Amino acid sequence: MNLGRSISWLALVTVITLFCYLEYSPLSTSLVNPSPKPCGAACSLEESPHFLIHTPACVIPDFDPAHPSIAKFRIDKPDKIVCSTKRPLTEAEGLFLHLYKDRIKDYNTSWEDLNCTYQGIRRIQQDPEKYNRNCDKVSNLTPRVSINQELTVIDEDGILVTCTDTTQNKSIVYKDIHYFIQPRRVQGKREKFKKEIEQQQRPHRTKLNVVIMGTDAVSRGNLIRHMPKTLHYLKHELGAIDFRGFTKVGDNTEPNMIAALMGLSYDEFMKHKCHPKRWAKFDDCPLIWREFSKQGYATAYAEDAAWMGLFHFNKLGYVKEPTDYYNRPYYLMSEKHIGHSGGRRGYNAQLCQGNRRSMDVIHDYSLTVADALKDMPYFGYFWTCSITHDYLKVVSAADLPSLRYLKEFKRRGHQENTVLFFISDHGLRWGSFRSTYAGMLEERLPFVMLVFPPWFKEEYPEAWANMATNTRRLTSTFDLHVTMMDIMYQRYADLLAQPTPFLHGQSLFRVVPLNRTCEDASVPEHFCACQHSTEVDADDPRLKPVAQFVVKKINEGLQAFPKCAPLQLKKIMSGRIGTATNSTKPKKENTVAMTYTLTLVTKPGEAQLESSVRYHDKTYELVADVSRINKYGNQSHCIIDFTYRKYCYCKDLL
């Protein structure tokens, strides 16, 4: 190329770049009412500190944690949860129970006066014909076995240890529950895998482990504010990929995890043959770990609030054990015997299990699974919500436990052959912070950090580059499902192949389109964080008929529950009006469709509700479930329905 052509080409590139900068510069874009315009393929969008993502189809504003409107919600000194000052007398080490005689002084007794035993915890196989929704008997205890040695081989998946003082009427001085990963459960898979890799030099580079470690109700913004050590370690020590525009697709944990684990929307799940009300068929749900199991993966499941966890709409969880290692029956026993909250009140989940934080129990279980399955691929789903579920600032107490987990994950060598999905499901859904504009956005924007083996970037540079691009694009929970499927089938190794079609979502190994909308990402309009709206006064006359419509629709649903009182509109707290269809479906509507997002209060019960309503052709329409953004405690004790318990005020409380 001669010098003249070089100068001409440089001038053209300069003009295009300048045009793009002017189009997308934060100086020319309103944060409240942005109006992004399409940009040519040659354009490179500016990264602005004012926006999480800034694409032609979606603009999501960013909020500085020190911004005056939300600075008061940042804690000055990190919280710390102390479960006990006593050291545990027993610990699990592989398949051994270790008894520490030197710690007996912590319990004001002597070894000679102590009688320690253990009982195996056995899950009860459920009978669909005898199922009782109110039944909570999911496991029983085997006869007691004396603990006489410092190391005892354990043949159970879970055990209850009890120590009594023989000089004080056999009073209980110590209880604990321990978990063991018994190799017999996956022996067939292990042997099959060994045969497959006899001729392979790098087996784990063809079958990567997949681990989901979830922390409930933590937005990306709150991760930055209250878990800074965890965030720093993720990014700077583990090289985690941070998806800034990741958006939830449902109100709470269930719809979001159903999307991630099944690839279904909540409406699709409700119509599926495995619908929870047809509980005996729940084993037929298209859960992703079933696909991993078919490919020879061992599978594991554990969560630290079993009574209200992912499948809490069904106390028994499953007819069959869903995974090879299923922690739920043992953890339910733990909640019953040793669960507590260290003297704190007002939490939905127990903060402690004996001497340990509940979060640590799940972290340790995850690491134990990884240690036990080093010689074969596995899929693990682990979830913690004990610390983070209820209060914005208490999240700071999860920082050091999470940091400890990640450090152990790396120290034990598990990063070498594992893709870690370190994620949340949504932000905090109630409280004073939730009532702010930043809180409304954060509730829709959970953190999602993906940690890959250190060699992955060099061996699969295209997949890595695409993921880096996608950190500034609109992504959703459904994308996690597709990405995990791609990991299982190693599709990241051949991105020239036609992508496998899915009902929702796309692989994060492939570039997310620049013009992707919430509709494209299967994000309901109510949860879409792409902003094209303006705040109005709460007494704006346009809001009242919308609020009355919302209350009317809720009451229509409550008619199926005669124990619930009809609701009335008490007041409107706030509202936003905009043409949100321009952000979710640009230039495809012939007439303007207005979208109202408003927060209202109903009576009786003082329920604070947030709803998005579309007004089009003189008709109102709810665009998603109405969110309850304050706690309702025992108000709906008279019903168990997943949706309407958020709105019900039982008549017997009037």
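Read phi for every residue in region 550-558 and hand back ³J(HN,Hα) as whole Hz from Karplus 6.51 cos²θ - 1.76 cosθ + 1.60, θ = phi - 60°, with x for Gly and Pro.
4, 5, 4, 5, 5, 5, 4, x, 5
Rank the residues His526, His337 as a footprinting-exposure proxy: fewest other Cβ atoms within 10 Å of their Cβ go first.
Fewest to most other Cβ atoms nearby, the residues stand as His337, His526.
Treat the count of other C-beta atoms within 10 Å as a stand-in for reagent exposure and order Thr384, Thr109 from fewest to most.
Listed from fewest to most nearby Cβ atoms, that is Thr109, Thr384.
If we count every other residue with Cβ under 11 angstrom of His337's Cβ, Lys/Arg +1 and Asp/Glu -1, where does the sum land?
0
Would you list, by chain and number, the aspartates and glutamates whose Cα falls below 15 Å from the Cα of Lys320, excluding same-chain residues fewer than 8 positions away?
Filter leaves Asp127, Glu129, Asp283, Asp284.
HN-Hα J couplings of region 360-377 from phi, Karplus 6.51/-1.76/1.60, θ = phi - 60°, integer Hz, Gly and Pro as x?
Per-residue couplings from phi come out as 4, 4, 6, 4, 5, 4, 4, 5, 5, 4, 4, 4, 6, 10, 4, 9, 7, x Hz.
Compute the signed sum of charges (Lys and Arg +1, Asp and Glu -1) over the other residues within less than 13 Å, Cβ to Cβ, of Thr500.
-1
Amide H neighbours of Gly158 under 5 Å, counting only residues 5+ apart in sequence or on other chains, H built in-plane at 1.01 Å?
Correct list: Ile121, Phe180.
Taking a threshold of 21 Å on the Cα-Cα distance, which of the pairs Lys336/Lys563; Lys72/Lys248; Lys248/Lys336; Lys235/Lys457; Lys229/Lys336 fall above it?
From the list (Lys336/Lys563; Lys72/Lys248; Lys248/Lys336; Lys235/Lys457; Lys229/Lys336), the Cα-Cα distance tops 21 Å for Lys336/Lys563; Lys72/Lys248; Lys248/Lys336; Lys229/Lys336.
Assuming a ≥ b ≥ c are the square roots of the Cα gyration tensor eigenvalues, decide whether region 66-128 counts as rounded (a/c under 1.5), prolate (otherwise, with a/b larger than b/c) or oblate.
Since a/c reaches 1.5 but b/c is at least a/b, the shape of region 66-128 is classed as oblate.
If I take every Cα pair under 8 Å that is 6 or more residues apart in region 591-651, average their sequence separation and divide by the length, what percent do I get for the relative contact order?
Once normalised by length, the contact order is 26 percent.
Using the alpha-carbon centroid of each, what span in Å lies between region 383-448 and region 601-627?
29 Å
Modelling each spin label as a point 7 Å along the Cα-to-Cβ direction, I'd like the Thr167/Lys229 distance in nm, to one decimal.
4.0 nm
Give, as a single signed number, the net charge of other residues whose beta carbon lies under 11 Å from the beta carbon of Thr436, with Lys and Arg counted +1 and Asp and Glu -1.
0
How do Val523, Val161, Val536 rank when sorted from fewest to most other Cβ atoms within 10 Å of their own Cβ?
Least to most surrounded, the residues fall as Val536, Val161, Val523.
What list of ³J(HN,Hα) values in whole Hz, one per residue of region 623-637 in order, does the Karplus curve 6.51 cos²θ - 1.76 cosθ + 1.60 (θ = phi - 60°) give from phi, with Gly and Pro shown as x?
With coefficients 6.51, -1.76 and 1.60, one gets 9, 5, 4, 6, 8, 9, 10, 10, 6, 10, x, 9, 4, 10, 4 Hz.
All of the numbers you see were taken from the coordinates with simple rules; none came from a lab. This one's a predicted model, so the numbers in the text were calculated from it and none came from an experiment. Positions of Cβ are generated from backbone atoms using ideal geometry, with glycine treated the same way; all protein chains shown enter the neighbour counts.
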